[in-house]
Amino acid sequence: MCGIVGAVAQRDITPVLVEGLKRLEYRGYDSCGVALHIDGQLRRTRSTQRVAELEMQIREDHLSGYTGIAHTRWATHGAPATHNAHPHFSGQDKGEPRIALVHNGIIENHDELREELKALGYTFESQTDTEVIAHLIDHLYNGDLFETLQQAVQRLTGAYALAIFCRDEPHRIVGARQGSPLIVGLGHNENFLASDALALAGTTDQIIYLEDGDVIDLQLSKVWIVDASGKPVERKVHTVHAHTGAAELGPYRHYMQKEIFEQPRAVGDTLQDIDSITPELFGNEAYRIFNDIDNVLILACGTSSYAGMTAKYWIESIAKIPVNVEIASEYRYRDSVPNPKTLVVTISQSGETADTLAALKHARSLGMENTLTICNVQTSAMVRECKLNFITRAGVEIGVASTKAFTTQLVGLFLLTLALAQVKGRISEEKEADYLKQLRHLPTAISAVLALEPQIMAWADRFASKENALFLGRGMHYPIALEGALKLKEISYIHAEAYPAGELKHGPLALVTEHMPVVTIAPKDELLEKLKSNMQEVRARGGELYVFADNDSRIVNSEGMHVIRMPEHYGKLSPILHTIPLQLLSYHTACVRGTDVDKPRNLAKSVTVE
């Protein structure tokens, strides 16, 4: 979601701030801004346009400075508007502004603090919860910004990553983290703050990951950290080579298209060093933990939750272990029955998803300590919080709508299925070898599906004029139908719903007319004949079917029945292959409709607030 970049240096740091914001654009945002310490004063510029527009404003205003902070905002409190954009100032009532602040997260007690600060004479220019923090710090300021921030965070309830500087203390930035990611970048006589190491790629590779409760003091040659109790602490310095090559579009029209076509490479990289199935793929303690557990709880949000739903079919079918899949944002707010023999699996592309992190901590608080994450970022909070992990190798994903991150999550979850089955003695060596062989063939199989793009583009021309669509799947392909519907909603803004095909006659059939396209996933499996009956229910009501069918499924083109044949049936791994054409259908439909494919309205890439 929102992005933070801050720097204190002996050089003009505006290029660092702007480049950092550009690297964070993939997260999604609706406004951006920068504030600088210039000749003893605070100066800022803000925009509701893209970072490129902000960069032009900086040049036109001739802004440069040695200390500064910058931000991309995804609106929560207050509409996307310049007066709500960060950085926020405080101290204007006393003349020149004194405090500049940027914030990721949500302050839950902002109304209470706002009333208190209004009574003290502060005027609010925005509807944001963030401006409350700026005024609070200005009110508490005692001449030492670091000490003031430590006092201020004691008054805050909620999640935050903060970067702040003061007119009266040049060459100093302070920050704090609680429930929202914040990292420190170390340089030579210069130091940096950011919400993501990618923001500092090319500037520094020496990174410190702050922990919840940390407050930090950044000066030219000093980094000082205290924990939530105010005790000085040392955090480990990591060498992080943030990958930036993904920022080049190459021959593709959008990043989403590029990332769809990167899936053979991403899956191949994820499987690259795996010669055999062993629990140690997930960590040194994996055998002991897998041997001890008797059920699995999967926690995830959005696309990742559909990966978890697919894994439920795999794990229960192959490993014979019961699985529950919970929407992370709901799980921690309901009464549940904990079992210490549960393997808690979290799935997150960024490893910083706020709801999933909170659900994980809730599960642990209930005594479920056997934790594992499937994640795309080795250095993320999710990885640090879990005992076991599997790191996918999707690479940086710029498009907000997830593609290669999803398919590599599925690969990781299938490997987990096989490892659990092996430990529990529920899979033969021959079957295990056969599954591994199928996994290794996946990049080739995905490439063959990508070759269907021209046929799918023809369908997209028909879809572009629609405002509603249904997606149908059965068994382990039902979660893939859910994912297909989500993709169409996200980037084309067509309302789409997904159902298990057998549920049609229990309500959704009322929606079917000649104006309602019905996308159907039709692999040649044990449910195919049942699915064909469901398809006939659609045709009998005049519905238009768009079917992705396996080659030998004996489903043919006819009136109201449009069929694209998949290159091959892929057994248990079929959901991965059937994901690809649904991505392409959504992408090309969005292109025809002219939407902002990579940055769909109202959405953010990494959801780091509740």
Checklist entry - Out of the residues in region 300-320 that are more than 27 Å from LEU488 (Cβ to Cβ) and touching a strand residue (DSSP E or B) at 6+ places or on another chain (Cβ under 6 Å), which is surrounded by the most Cβ atoms within 10 Å (Cβ to Cβ)? => result ILE315
Checklist outcome for this item: Filter region 540-553 for residues that are out of contact with any Leu (no Cβ under 9 Å at 6 or more places or on another chain) and part of a loop (DSSP other than H, G, I, E, B); the one that is modelled with the highest pLDDT is ASN551
Next on the checklist: Go through region 383-412 and report how many residues are part of a helix (DSSP H, G or I) and surrounded by fewer than 23 Cβ atoms within 10 Å (Cβ to Cβ).
Outcome noted: 3
Checklist entry - Name the pairs: first residue in region 274-286 and in a loop (DSSP other than H, G, I, E, B), second residue small (Gly, Ala, Ser), Cβ to Cβ under 6 Å, at least 6 apart or on different chains? => result ILE277/ALA419
Checklist entry - Failed condition for PHE290, given (1) surrounded by fewer than 21 Cβ atoms within 10 Å (Cβ to Cβ); (2) outside any loop (DSSP other than H, G, I, E, B), with all others met? => result (1)
Checklist entry - Can you tell me which of ASP214, ASP196 is in the same structural domain as GLY20 (by TED's automatic domain parsing), touching a strand residue (DSSP E or B) at 6+ places or on another chain (Cβ under 9 Å) and under 24 Å from ASP596 (Cβ atoms)? => result ASP196
Checklist entry - Restricting attention to region 530-539, does a residue exist that is without any contact (Cβ under 8 Å) to a residue 40 or more places away in the chain, in a helix (DSSP H, G or I) and in contact with a helix residue (DSSP H, G or I) (Cβ under 6 Å, 6 or more places away or on another chain)? => result yes
Checklist entry - Does at least one position in region 224-233 carry a residue that is more than 20 Å from LEU162 (Cβ to Cβ) and either in the same structural domain as ALA9 (by TED's automatic domain parsing) or part of a loop (DSSP other than H, G, I, E, B) (or both)? => result no
Item to check | Candidates ARG565, ARG554, ARG593 - the one that is assigned by TED's automatic domain parsing to the domain that holds TYR478, touching a residue at least 24 places away in the same chain (Cβ under 8 Å) and surrounded by fewer than 21 Cβ atoms within 10 Å (Cβ to Cβ) | outcome: ARG593
Next on the checklist: So GLU529 passes all but one of these: (1) under 25 Å from LYS312 (Cα atoms); (2) buried (at least 17 other Cβ atoms within 10 Å of the Cβ). Which condition number does it fail?
Outcome noted: (2)
Checklist entry - Given the conditions (1) modelled with pLDDT of 95 or more; (2) outside any loop (DSSP other than H, G, I, E, B), and given that LYS258 satisfies all but one, which numbered condition is not satisfied? => result (1)
Next on the checklist: Are there strands (runs of 3 or more DSSP E) fully within region 302-382 with at least 3 residues that are touching a Gly at 6+ places or on another chain (Cβ under 8 Å) and touching a residue at least 24 places away in the same chain (Cβ under 8 Å)? List them.
Outcome noted: 370-375
Checklist entry - ALA510 fails exactly one of the following numbered conditions: (1) touching a helix residue (DSSP H, G or I) at 6+ places or on another chain (Cβ under 8 Å); (2) modelled with pLDDT under 90; (3) small (Gly, Ala, Ser). What is the number of that condition? => result (1)
Next on the checklist: For the condition out of contact with any Leu (no Cβ under 8 Å at 6 or more places or on another chain), within 24 Å of ALA307 (Cα to Cα), surrounded by 21 or more Cβ atoms within 10 Å (Cβ to Cβ) and among the basic types (Lys, Arg), what is the one hit in LYS524, LYS599, LYS572?
Outcome noted: LYS599
Checklist entry - When region 441-473 is examined, which residues are found to be surrounded by 15 or more Cβ atoms within 10 Å (Cβ to Cβ) and basic (Lys, Arg)? => result LYS466
Checklist outcome for this item: Of all strands (runs of 3 or more DSSP E) fully inside region 135-204, the set with 3 or more residues that are over 29 Å from LEU120 (Cα atoms) and of a type in the set (A, V, I, L, M) is 183-186
Checklist outcome for this item: Residue hits (region 441-496; among the β-branched types (Val, Ile, Thr) and touching a strand residue (DSSP E or B) at 6+ places or on another chain (Cβ under 9 Å)) are VAL449, ILE456, ILE480, ILE494
Checklist outcome for this item: Inside region 105-126, the number of residues satisfying the requirement of being surrounded by 16 or more Cβ atoms within 10 Å (Cβ to Cβ) and polar (S, T, N, Q) is 1
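The values are calculated or read from the model by the stated rules, or taken from the named source; none is laboratory data. Because the structure is predicted, anything quoted here is derived from the model rather than measured. All Cβ positions, glycine included, derive from the backbone under ideal geometry; neighbour counts span all protein chains shown.
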